[in-house]
Amino acid sequence: MAEIVCEGIAKRFADGTQALQPTDLTIRDGEFFVLVGPSGCGKSTLLKIIVGLERPSAGEVRVAGEAVTGRDPKDRNMAMVFQSYAIYPHMTVRENMAFPLKLGRLPEAEIATRVEEAAAILELTELLGRKPAALSGGQRQRVAMGRAIVRQPAAFLLDEPLSNLDAKLRVQMRTELGRLQRRLGTTTVYVTHDQTEALTLGERIAVLRRGAVQQVGTPRELYQSPANLFVAGFIGSPAMNLLPATLEGDRLRLPMLELVLPEPAPGVPAAREVIAGIRPEDFRVAPGDGDATSFRADVELVEWLGADLFVYFDVAALRSARLGVLEEELGLPAEHDGRLRLVARLGSDCRVREGAG
Ligand code: ATP
């Protein structure tokens, strides 16, 4: 059992920066758990508190039921892999992987067995005699993972481990990491600012903003039932379209059309101003004159991505729409031109041209 519990964990740095508001999180035994959020939201700080590299200002960390809050990192039986994976250039792959075990004074035979096993899992066996300079970025990243695996820790803590790799390798290593974690079944906490990485890797994800957890859930839960506007806008690419609307019973009045909802919104007796979210994939191009759920749009930009077409468009009604509440909630920059552009994700066989109405 290596369940990790954070109870009331908060962090205020000496200079007064409140990096984490009091936070409760339970990471289940064997789970691949992702902390995601924009730069500076406190994810690395939370990870460092879990592994023991930072002391919390308040709260307790428990691993497998045992309080570890005051313990040194080396006494927590967790292995951390950083963005700048520190592997020693003067050591071979074998020596790099054996290093943490030598520090732990394990018998030579045990060290050799563990290194061989980890190398086999990571497909590094052929490379054990090489030095890091003779490895590719992806291979070096695997060596860094190897150093974590040989320790057979209760948990892996990974801080943006793929961000130094190029886009293609990142996708490949992402798949490998997911497979590796399922094979080892070790509790893993993974920090990233990349929501695609979070959705593909996380069994559950915690979305952080300004030091506070916004929502914890499976990728599907976050995507389909975001708890607030921030999560709605953060999860999904291209991002969900957010626009001002009025809700009254089962009527949702958007600037460009009125929709009848399948059922009236509960607890909304009178007309209320709301923000409506429309996922880019929920738009379609209407044939002919369309129907009551269609509207005219001016196409500004078309991006062709092979299987998908991203179409950025603008509708006349949005140019005069009242954006006040959106500006406040989403922090639109003061100098924005007051226009809302929407994006649709269409099949690549769709015939849409830039500049078309
Ligand atoms: P990134 O994705 O950019 O690494 P993050 O979400 O991991 O960001 P943290 O590194 O946890 O964010 O930082 C959270 C906040 O705490 C930031 O405002 C940061 O500037 C601040 N911070 C981090 N370390 C310290 C420190 N030692 N002293 C003061 N403030 C700090």
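The values are calculated or read from the model by the stated rules, or taken from the named source; none is laboratory data. Since the model is a prediction, treat every value here as computed from it, not as a measurement. Here the Cβ is made from the backbone with ideal geometry for all residues, glycine too, and neighbour counts use every protein chain on show.
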query: If you go through region 41-62 one residue at a time, do you hit one that is within 25 Å of Gly185 (Cβ to Cβ), in a strand (DSSP E or B), at pLDDT 95 or above and over 21 Å from the mean Cα position of the chain (by Cα)?
result: yes
Top-ranked residue in region 11-26 [being within 12 Å of the ligand (Cβ to nearest atom) and of a type in the set (A, V, I, L, M); ranked as surrounded by the fewest Cβ atoms within 10 Å (Cβ to Cβ)]: Ala14
task: List the number of the failed condition for Asn164; all other conditions in (1) surrounded by 20 or more Cβ atoms within 10 Å (Cβ to Cβ); (2) within 16 Å of the ligand (Cβ to nearest atom); (3) not hydrophobic (A, V, I, L, M, F, W, C) hold.
output: (1)
- request: May I ask you to list the residues in region 140-169 that are in a helix (DSSP H, G or I) and free of Cβ contacts under 8 Å to residues at least 40 places away in the same chain?
  value: Arg142, Ala167, Lys168, Leu169
task: Please note which strands (runs of 3 or more DSSP E) are completely contained in region 204-289 and include at least 3 residues that are under 22 Å from Ile27 (Cα atoms).
output: 204-209, 212-217
- prompt: Considering only residues of region 56-68 that are in contact (Cβ under 8 Å) with a residue 12 or more places away in the chain and surrounded by fewer than 19 Cβ atoms within 10 Å (Cβ to Cβ), which is nearest to the ligand (Cβ to nearest atom)?
  reply: Ser57
task: Could you grab the pairs with beta carbons closer than 8 Å, sequence gap of 6+ or different chains, first residue in region 242-260 and of a type in the set (Asp, Glu), second one in a strand (DSSP E or B)?
output: Glu248/Arg272; Asp250/Val260; Glu258/Arg251; Glu258/Leu252
query: In region 186-203, how many residues are away from the ligand (no atom under 12 Å from the Cβ), of a type in the set (A, V, I, L, M) and either part of a strand (DSSP E or B) or closer than 15 Å to Phe234 by Cα (or both)?
result: 3
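I'd like the full set of residues that are among the basic types (Lys, Arg) and more than 20 Å from Met78 (Cβ to Cβ), limited to region 101-136.
Arg130, Lys131
With respect to Glu31, determine if the residue is away from the ligand (no atom under 16 Å from the Cβ), touching a Lys or Arg at 6+ places or on another chain (Cβ under 7 Å) and modelled with pLDDT of 95 or more. First the steps, then the outcome.
On the way: away from the ligand (no atom under 16 Å from the Cβ): yes; touching a Lys or Arg at 6+ places or on another chain (Cβ under 7 Å): yes; modelled with pLDDT of 95 or more: yes.
The answer is yes for Glu31.
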- request: Answer yes if at least one residue in region 272-289 is over 21 Å from Thr196 (Cα atoms), under 31 Å from the mean Cα position of the chain (by Cα) and of a type in the set (Lys, Arg), and no otherwise.
  value: yes
- prompt: Quick one: what pairs do we get from region 34-49, first residue more than 23 Å from Thr200 (Cβ to Cβ), second near the ligand (Cβ under 6 Å from one of its atoms) and not polar (S, T, N, Q), C-beta under 7 Å, 6+ apart or different chains?
  reply: Thr45/Ala19
